[in-house]
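Novice: Please read through the structure below; I'll follow up with questions.
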Ligand SMILES: [Zn+2]
């Protein structure tokens with residue numbers, strides 16, 4: 001139990017069945033044996049003054065130690081599971097144009113390359129995103145943020161990368177800023193101009209990389225539109241050398257590096273992430289043993305995206321168990337995007353992480369909260385329920401963690417608290 005004496009609390013959540021705090025990491029991501037260290041308080045409570053948590057412990061301890069303001073929000077969890085809000089550290093949420101019409105074609109066996117050649121795939125999303133104005137993109141993004149919030153996400157990273165020219169990339173990031181303004185979800189923006197080589201660049205990746213480095217990164221930095229710079233390091237997209245140049249230019253402009261690495265084939269992406277001491281390398285389906293070891297040694301997080309493998313009907317999932325055994329901290333994300341992972345729900349990702357990555361429910365929860373917070377540089381303020389952090393938590397209609405990870409396809413969130421206030425509740429049937 002920890003709490004300072006102080007102002008009356010404005011939020012009290014008590015009578016949590018298990019309260020899962022994910023506390024006690026002492027500021028570092030949880031890898032190896034600590035990957036599953038969830039920290040369970042039976043009959044738990046959390047109190048907040050304004051946005052910040054001021055007490056966490058058993059209900060009896062917290063009720064004894066705090067003074068509740070007369071107008072405080074007092075929530076009886078009635079024995080239900082309470083978790084920190086999910087942190088979704090890898091999404092492509094800002095886009096126009098859905099791609100469900102490609103789904104029956106993919107199910108009939110058409111390849112991604114066939115669909116791309118017919119003007120579909122990512123190029124279709126780029127076309128639609130370029131045509132949409134900033135206000136429209138912001139509105140679309142905001143409605144997707146609402147869905148994510150209702151499924152328990154309270155912090156989310158969003159990447160650009162469907163503009164692929166300077167004007168459109170800036171428009172995407174401005175739309176992210178506009179969508180995030182006043183929203184309960186705390187949004188972390190990432191610049192990803194190097195997501196694909198646009199058709200308009202004549203498939204000249206080197207020339208496009210020059211544009212990203214010389215024009216886009218300085219413009220993004222000047223407007224302070226992003227905290228991270230990401231690149232799709234993959235054979236046939238951007239080479240290790242091109243990726244290195246983009247990420248180094250980003251670092252020079254104050255953007256911390258992240259990579260899409262080793263998704264479709266192993267190609268040295270994990271090794272590059274270690275060399276650059278990137279914040280994270282993401283996907284990693286085909287990461288080498290040496291790459292995994294190098295990432296662990298250099299403190300680079302693995303962000304795994306099982307929803308993408310699932311939606312693409314892939315056979316191979318990222319080697320999560322080998323990563324945990326190597327002491328590499330694993331985080332989870334939706335990769336929400338219209339082509340290869342059309343979901344905003346971290347709950348389904350939790351389920352896939354258990355069924356397909358073979359993480360335990362406890363390991364998956366740490367991956368989706370504390371480690372995910374580290375993956376977006378936000379672990380000081382979110383990702384666990386500890387005194388001083390933002391009061392972001394979710395009450396689920398579930399008796400324990402195992403149930404949350406095992407019962408899939410329905411939204412189990414009952415109430416989402418963000419920044420010390422209820423931001424979403426499920427209204428019961430009349
Ligand atoms: Zn991605």
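The values are calculated or read from the model by the stated rules, or taken from the named source; none is laboratory data. For clarity, every value in this text was computed on a predicted model and none was experimentally measured. Methodologically, a virtual Cβ is constructed for each residue, glycine included, from the backbone with ideal geometry; neighbour enumeration extends over all protein chains shown.
Novice: Are there any pairs, at least 6 apart or on different chains, whose C-beta atoms fall under 8 Å, with the first in the range 185-199 and closer than 20 Å to residue 149 by Cα and the second within 14 Å of the ligand (Cβ to nearest atom) and in a loop (DSSP other than H, G, I, E, B), and if so, which?
Specialist: From residues that are closer than 20 Å to residue 149 by Cα, the pairs are 188/89; 188/376; 189/160; 190/160.
Novice: For a quick check of your reading: which helices (runs of 4 or more DSSP H) sit entirely within the range 231-322 and have at least 1 residues that are within 16 Å of the ligand (Cβ to nearest atom)?
Specialist: 240-252, 269-275, 306-311
Novice: Out of contact with any helix residue (DSSP H, G or I) (no Cβ under 6 Å at 6 or more places or on another chain) and at pLDDT below 95: does that describe residue 235?
Specialist: Taking the combined requirement at face value, the residue satisfies it.
Novice: Kindly provide the set of residues from the range 88-103 that are under 30 Å from residue 170 (Cβ atoms) and away from the ligand (no atom under 16 Å from the Cβ), ordered by number.
Specialist: 96, 97, 98, 100, 101, 102
Novice: Within the group 312, 272, which residue is surrounded by fewer than 16 Cβ atoms within 10 Å (Cβ to Cβ) and touching a helix residue (DSSP H, G or I) at 6+ places or on another chain (Cβ under 9 Å)? Show your work before the answer.
Specialist: Numbers: 272 fails: surrounded by fewer than 16 Cβ atoms within 10 Å (Cβ to Cβ).
Checking each option against the conditions leaves just 312.
Novice: Go through (1) outside any strand (DSSP E or B); (2) outside the structural domain of residue 342 (by TED's automatic domain parsing); (3) out of contact with any helix residue (DSSP H, G or I) (no Cβ under 9 Å at 6 or more places or on another chain) and name the single condition residue 22 misses.
Specialist: (3)
Novice: Of all residues in the range 323-351, which are away from the ligand (no atom under 16 Å from the Cβ) and over 21 Å from residue 21 (Cα atoms)? Before the answer, list the steps.
Specialist: Looking only at the range 323-351, we keep the residues that are away from the ligand (no atom under 16 Å from the Cβ), and these are 323-330, 345, 347-348, 350-351.
Of everything in the range 323-351, those that are away from the ligand (no atom under 16 Å from the Cβ) and over 21 Å from residue 21 (Cα atoms) turn out to be 323, 325, 326, 327, 328.
Novice: Kindly check whether there is at least one residue in the range 102-109 that is in the same structural domain as residue 180 (by TED's automatic domain parsing), free of Cβ contacts under 8 Å to residues at least 12 places away in the same chain and assigned to a loop (DSSP other than H, G, I, E, B).
Specialist: yes
Novice: From the list 182, 163, 109, pick out the single residue that is more than 17 Å from the chain's Cα centre (by Cα) and at pLDDT below 95.
Specialist: The match here is 109.
Novice: Turning to a different aspect of this structure: Output the residue which, of all residues in the range 144-172 that are away from the ligand (no atom under 16 Å from the Cβ), in a helix (DSSP H, G or I) and in contact with a helix residue (DSSP H, G or I) (Cβ under 9 Å, 6 or more places away or on another chain), is farthest from residue 219 (Cα to Cα).
Specialist: Step by step, filter the range 144-172, then rank; the result is 145.
Novice: Sticking with this one: Going through the range 173-206 one residue at a time, which ones are out of contact with any helix residue (DSSP H, G or I) (no Cβ under 7 Å at 6 or more places or on another chain) and either part of a strand (DSSP E or B) or within 16 Å of the ligand (Cβ to nearest atom) (or both)?
Specialist: Of everything in the range 173-206, those that are out of contact with any helix residue (DSSP H, G or I) (no Cβ under 7 Å at 6 or more places or on another chain) and either part of a strand (DSSP E or B) or within 16 Å of the ligand (Cβ to nearest atom) (or both) turn out to be 186, 188, 190, 192, 195.
Novice: Residue 368: away from the ligand (no atom under 13 Å from the Cβ), crowded, with 24+ Cβ neighbours inside 10 Å and under 15 Å from the mean Cα position of the chain (by Cα), yes or no? Can you show your working first?
Specialist: Values: away from the ligand (no atom under 13 Å from the Cβ): yes; crowded, with 24+ Cβ neighbours inside 10 Å: yes; under 15 Å from the mean Cα position of the chain (by Cα): yes.
Here the answer is yes, as residue 368 does meet what is asked.
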